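Since the structure comes first, as structure tokens, the remarks are kept for the end.
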Amino acid sequence: MKKKACKSCKFLYAGEECPNCKSSQFVLNWKGRFYVLDPVKSDIAKKVGIKQAGEYAIKVV
Ligand SMILES: [Zn+2]
């Protein structure tokens, strides 16, 4: 099953709500993904405002 992408932070998850920002608004129509191992060291994470390690969608529709 395709993972849900959080509408506000783009975190990819499979549960009921986003474990990152606790939002329950998600989209299934997302494109591309990237993995943040260490948000403190990642430039992308800083740019997007990611604080938790995990998988993120690049683009949500
Ligand atoms: Zn979220």
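If you filter the range 1-36 down to residues that are out of contact with any Gly (no Cβ under 9 Å at 6 or more places or on another chain) and aromatic (Phe, Trp, Tyr), you find that the one that is nearest to GLY54 (Cα to Cα) is PHE34. One residue stands out in the range 30-57 among those that are among the hydrophobic types (A, V, I, L, M, F, W, C) and in contact with a Lys or Arg (Cβ under 9 Å, 6 or more places away or on another chain): the one that is farthest from the ligand (Cβ to nearest atom), namely VAL40. In the set (1) within 14 Å of the ligand (Cβ to nearest atom); (2) modelled with pLDDT under 95, the condition left unmet by VAL27 is number (2).
A quick yes/no check of all residues on (1) without any contact (Cβ under 8 Å) to a residue 60 or more places away in the chain; (2) surrounded by 12 or more Cβ atoms within 10 Å (Cβ to Cβ); (3) in a loop (DSSP other than H, G, I, E, B):
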site	(1), (2), (3)
LYS2	yes, no, yes
SER8	yes, yes, yes
GLY15	yes, no, yes
CYS21	yes, yes, yes
PHE34	yes, yes, no
ILE44	yes, yes, no
LYS51	yes, yes, yes
ILE58	yes, yes, no
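The values are calculated or read from the model by the stated rules, or taken from the named source; none is laboratory data. Everything numeric in this text was worked out from a predicted model, so none of it was measured. Because the Cβ atoms are built from the backbone with ideal geometry, glycine has one as well, and the counts that use them run over all protein chains shown.
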